[in-house]
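Chemist: Take a look at this one; I'll ask things after.
The values are calculated or read from the model by the stated rules, or taken from the named source; none is laboratory data. Owing to the predicted nature of the structure, the values given are computational and were not obtained by experimental measurement. Note that each Cβ is placed from the backbone with ideal geometry, even for glycine, and that neighbours are counted across all protein chains shown. Heavy atoms of the whole protein, side chains included, go into the accessibility calculation; ligands, DNA and RNA do not. Shrake-Rupley method; radii C 1.70, N 1.55, O 1.52, S 1.80 Å.
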Amino acid sequence: MKLEVLEKDKVYHIYNRGINSEVIFNSDENKRYFLKLYSKHLENKAETFAYCLMDNHFHFIIRIVNENEITQGLSNLFNSYAKAFNKQNNRTGSLFEKHFKRIKIENERYLTNLIQYVHLNPKHHLDIDYKNFQFSSYQSLISDKPTKLIREEVIQLFDSKENFIYCHDFKNEILTEKQMLE
C-alpha cells in the first residue's frame, strides 16, 4: 500500500485506532502522556488546528511545517507511546493499526466540517457533552489561555468565536436528532 507523502504547507486529517479497535488510552494519564509526546515529537514539524483523543482512537488536524521530519516525528510519537503503554499494561505487539491514516484537506468548507466532526466525537461515540470533554481541543480554542494550537486561524475559519460555538452547537443538534431517529 503506497502512503500519501505529507507535503509542506498542506493540511491533513491524521487518525488511527487501536489494533482490532482495542483501547489505546485506558486512563486520563495515558491521554496526557500521549499529548505530551505529541508536543515533543511534532514541535516545529506541524501546526495543530484540532484534536480529539477517544479511548480506542484519535484524530488530529495538522498543517505540515517541516515535510522532511514530519513522518519520522509521527513515527517516533506512535512508537514511544506504544512502548510505554505496552510496558505499563504488561502487553506485547502492535498497539495501533498498521499505518496512521492521512487525508489531505483540499478546501476550507471540508476543513471547518472536519473540525466540528473531530470535536463532536465524544457526543457521537459516547453520547457525552463534547464541550466539557477534557481531551479535545474545543475548550482550548474558545478559551483565552495560552495554547500551542493555531487558535486565531481556526476561529477565523468560522469568522468569530461566537460563530465557532454556534456551528458546533448546530451540528450537535443535528447529531442528537439523528440519534433519536435511529
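Chemist: Just a yes or no: is a residue in the range 113-133 more than 13 Å from the chain's Cα centre (by Cα), polar (S, T, N, Q) and open to solvent by less than 60 Å² (accessible area, probe 1.4 Å)?
Modeler: yes
Chemist: If I ask for residues that are of a type outside the set (A, V, I, L, M, F, W, C), out of contact with any Phe, Trp or Tyr (no Cβ under 6 Å at 6 or more places or on another chain) and open to solvent by 30 Å² or more (accessible area, probe 1.4 Å), which ones from the range 52-76 would you list?
Modeler: ASN56, ARG63, ASN66, GLU67, ASN68, GLU69, THR71, GLN72, SER75, ASN76
Chemist: For the range 93-148, give me each residue that is touching a residue at least 40 places away in the same chain (Cβ under 8 Å), among the β-branched types (Val, Ile, Thr) and in a helix (DSSP H, G or I).
Modeler: Matches in the range 93-148: THR112, ILE115, VAL118.
Chemist: When you scan the range 77-99, do you find a residue that is at pLDDT below 95, closer than 23 Å to LYS45 by Cα and either of a type in the set (Val, Ile, Thr) or surrounded by 18 or more Cβ atoms within 10 Å (Cβ to Cβ) (or both), even just one?
Modeler: No, because not a single residue in the range 77-99 is at pLDDT below 95, closer than 23 Å to LYS45 by Cα and either of a type in the set (Val, Ile, Thr) or surrounded by 18 or more Cβ atoms within 10 Å (Cβ to Cβ) (or both).
Chemist: Only residues that are surrounded by 13 or more Cβ atoms within 10 Å (Cβ to Cβ) and assigned to a helix (DSSP H, G or I): list them for the range 149-159, please. Show your work before the answer.
Modeler: In the first step, residues of the range 149-159 are kept if they are surrounded by 13 or more Cβ atoms within 10 Å (Cβ to Cβ); the result is 149-151, 154-155, 157-158.
Within the range 149-159, ARG151, VAL154, ILE155, LEU157 meet the criteria.
Chemist: Given the conditions (1) among the polar types (S, T, N, Q); (2) within 19 Å of ILE14 (Cβ to Cβ); (3) open to solvent by 20 Å² or more (accessible area, probe 1.4 Å), report the number of the one that GLN139 does not fulfil.
Modeler: With (1) among the polar types (S, T, N, Q); (2) within 19 Å of ILE14 (Cβ to Cβ); (3) open to solvent by 20 Å² or more (accessible area, probe 1.4 Å) applied to GLN139, the lone miss is (2).
Residue-wise test of (1) at pLDDT 95 or above; (2) over 23 Å from ASN107 (Cα atoms); (3) not small (Gly, Ala, Ser).
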{"site": "SER140", "(1), (2), (3)": "yes, yes, no"}
{"site": "LEU149", "(1), (2), (3)": "yes, no, yes"}
{"site": "GLU153", "(1), (2), (3)": "yes, no, yes"}
{"site": "ASP159", "(1), (2), (3)": "yes, no, yes"}
{"site": "GLU162", "(1), (2), (3)": "yes, no, yes"}
{"site": "TYR166", "(1), (2), (3)": "yes, no, yes"}
{"site": "GLU173", "(1), (2), (3)": "no, yes, yes"}
{"site": "LEU181", "(1), (2), (3)": "no, yes, yes"}
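Chemist: Out of all the residues in the range 160-182, is one or more crowded, with 17+ Cβ neighbours inside 10 Å and in contact with a Cys (Cβ under 9 Å, 6 or more places away or on another chain)?
Modeler: No, the range 160-182 contains no residue that is crowded, with 17+ Cβ neighbours inside 10 Å and in contact with a Cys (Cβ under 9 Å, 6 or more places away or on another chain).
Let's see how each residue does on (1) of a type in the set (Gly, Ala, Ser); (2) modelled with pLDDT under 95; (3) surrounded by fewer than 21 Cβ atoms within 10 Å (Cβ to Cβ); (4) over 21 Å from GLU97 (Cα atoms):
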{"position": "VAL5", "(1), (2), (3), (4)": "no, yes, yes, no"}
{"position": "SER21", "(1), (2), (3), (4)": "yes, yes, yes, no"}
{"position": "ASP28", "(1), (2), (3), (4)": "no, no, yes, yes"}
{"position": "TYR33", "(1), (2), (3), (4)": "no, no, yes, no"}
{"position": "SER39", "(1), (2), (3), (4)": "yes, no, yes, yes"}
{"position": "ALA46", "(1), (2), (3), (4)": "yes, no, no, yes"}
{"position": "ALA50", "(1), (2), (3), (4)": "yes, no, no, yes"}
